[in-house]
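Here's the structure we're looking at; comments come further down.
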Amino acid sequence: MSELPYAWTEEILFPLGETAVIIDCGDHLSDAVQRRVMSVCALLEKSTLPAMIEWVPSYTSVTLFYDPFISPYPELCRTLLQQLNQLKESLQDKFRTVTIPVCYGGEWGPDLDYVASEHGLTSEDVIAIHTSGDYLVHMIGFAPGFPYLGGLSEQIATPRRATPRLRVEAGTVGIGGKQTGIYPVDTPGGWQCIGRTPLRLFRPDENVPSLLAAGDRVRFEQITKQDYLALKRMEGER
């Protein structure tokens with residue numbers, strides 16, 4: 001909380017085209033900036049701004065989409081700043097922690113050995129380090145339900161593959177630089193694939209389609225192939 005309070009002035013608002021405004025919450029990644037981003041989201045969740053359509057959080061900002069025929073940009077910004085200056089940033093002391101079971105290595109984690117060799121570690125070391133972390137969901141993007149997770153240990157931070165794969169299957173857990181993430185759907189991808197979870201990250205048939213949301217905490221738990229197959233069946237029966 002040392003970086004608070006933040007100056008909610010007109011200088012932190014930027015137009016994005018004719019129907020969106022960016023709310024700048026800081027210029028670097030930190031817990032304080034993340035709390036600020038999530039506090040703005042909590043504020044917008046309860047806001048009664050008549051022109052508001054939706055909002056999208058990112059690492060250091062929130063983009064608010066609005067109808068300019070209801071509220072022109074200057075009017076929207078005036079009202080928005082009034083609400084931002086009443087923000088209670090302590091809201092984000094509460095968060096949800098989600099445990100993600102992962103079967104590491106083998107056919108579902110073909111880059112696990114590579115990641116280990118790059119750091120002079122064994123595959124078991126990489127798994128132990130990956131499962132010991134407490135990760136923060138900075139934002140959802142790239143593909144529906146894809147969580148960008150911060151907090152990866154420098155011991156296993158590994159650059160993306162020189163040549164992306166044309167297809168990475170849903171549930172694959174990857175490492176891309178200093179981040180880790182989970183592919184929610186089958187898609188091309190360049191992250192180092194170290195394992196796979198049987199959980200469905202993207203559930204378009206449910207009211208809230210993404211399993212994870214910005215601000216959540218994630219922990220990974222190693223499971224066996226038999227556990228994976230059993231959980232996969234249960235997920236398919238839901």
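Read the figures in this text as sums done on the coordinates, not as results from a lab. Just so we're clear, the structure is a prediction, and the values are computed from it rather than from any experiment. Cβ atoms come from the backbone with ideal geometry, glycine included; neighbour counts cover every protein chain shown.
Which FRET efficiency, nearest 0.05, do Glu11 and Glu235 yield, Cβ-Cβ r, R0 45 Å? Please report the intermediate quantities before stating the final value.
Numbers: r = 47 Å, r/R0 = 1.04.
The computed FRET efficiency comes out at 0.45.
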### Task
Please find, in a Gaussian network model of the chain (springs between Cα atoms separated by less than 10 Å), the residue of Leu152, Leu112, Leu49 whose mean-square fluctuation is greatest.
Leu49
### Task
Write down Rg/Rh for region 1-68, rounded to two decimals, with Rg from the C-alpha atoms and Rh from the Kirkwood relation over Cα pairs.
0.96
#### Entry: Per-residue HN-Hα couplings for region 153-160 [Karplus 6.51, -1.76, 1.60; θ = phi - 60°; Hz; x = Gly/Pro]
5, 4, 5, 10, 5, 9, x, 5
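Can you bin region 35-86 into rounded, prolate or oblate? Criterion: square roots of the alpha carbon gyration tensor eigenvalues sorted a ≥ b ≥ c, rounded for a/c under 1.5, prolate for a/b above b/c, oblate for the rest. Don't skip to the answer; put the middle values down first.
Details: a/c = 1.90, a/b = 1.52, b/c = 1.25.
Note, shape of region 35-86 comes out prolate.
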### Task
Please work out how much length the chain gains when fully extended from Gln155 to Arg217, using 0.36 nm per residue of separation minus the C-alpha to C-alpha distance, in nm with one decimal.
20.3 nm
## Note on the structure
Sequence order, region 221-234: Karplus ³J(HN,Hα) from phi using 6.51 cos²θ - 1.76 cosθ + 1.60, θ = phi - 60°, Hz rounded, Gly and Pro as x, gives 10, 6, 10, 7, 5, 5, 4, 4, 5, 5, 5, 5, 5, 4
### Query
Dipole magnitude of the chain about its Cα centre, charges +1 at Lys/Arg Cβ and -1 at Asp/Glu Cβ only, in debye to the nearest 20?
440
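Label region 120-214 by shape, choosing from rounded, prolate and oblate, from the square roots a ≥ b ≥ c of the eigenvalues of the Cα gyration tensor; if a/c is under 1.5 it is rounded, and otherwise prolate applies when a/b is larger than b/c, oblate when it is not.
Values: a/c = 1.91, a/b = 1.46, b/c = 1.31.
The shape class here is prolate.
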### Message
Using a 7 Å offset from the Cα along the Cα-to-Cβ direction at both Glu107 and His28, what is the distance between the two label points in nm, to one decimal?
### Response
4.7
### Task
Sort the following peptides by mean Cβ neighbour count (other Cβ atoms within 10 Å, averaged over residues), highest first: 198-204, 156-162, 169-175, 117-123.
169-175, 198-204, 156-162, 117-123
### Message
With 17 Å as the cut-off, how large is the P(r) tail for region 184-238, expressed as percent of Cα-Cα pairs?
### Response
51
### Query
Once you put a point 7 Å from the Cα of Asp125 and another 7 Å from the Cα of Thr19, both along the Cβ direction, what distance in nm separates them?
5.2
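Using just the helices of the chain, give the 222 nm mean residue ellipticity in deg cm²/dmol: DSSP H runs with n ≥ 4 each add -39,500 (n - 2.57), and the total is spread over all residues, rounded to 500. Numbers along the way, then the final one.
Working: 5 runs with 58 residues, N = 238.
Computed ellipticity for the chain at 222 nm equals -7500 deg cm²/dmol.
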### Task
Please identify which residues in region 130-163 have an amide N closer than 13 Å to a label point set 7 Å out from the Cα of Tyr114, following the Cα→Cβ vector.
158-163
## Note on the structure
Projected onto the charge dipole of the chain (unit charges on the beta-carbon of Lys, Arg, Asp and Glu, signs +1, +1, -1, -1), the Cα from Phe202, Val126, Thr63 with the largest positive-side position is that of Phe202
#### Entry: For the chain, share of DSSP beta bridges that run antiparallel, in % to the nearest 5
85
### Task
Compute the long axis of helix 31-46 from its Cα atoms, compare it with the longest principal axis of the Cα atoms of the chain, and write down the angle in degrees, 0 to 90, nearest 10.
60
### Task
Report the extension gain between Arg165 and Phe69 in nm, rounded to one decimal, defined as 0.36 nm multiplied by the number of residues separating them, less their alpha carbon distance.
30.1 nm
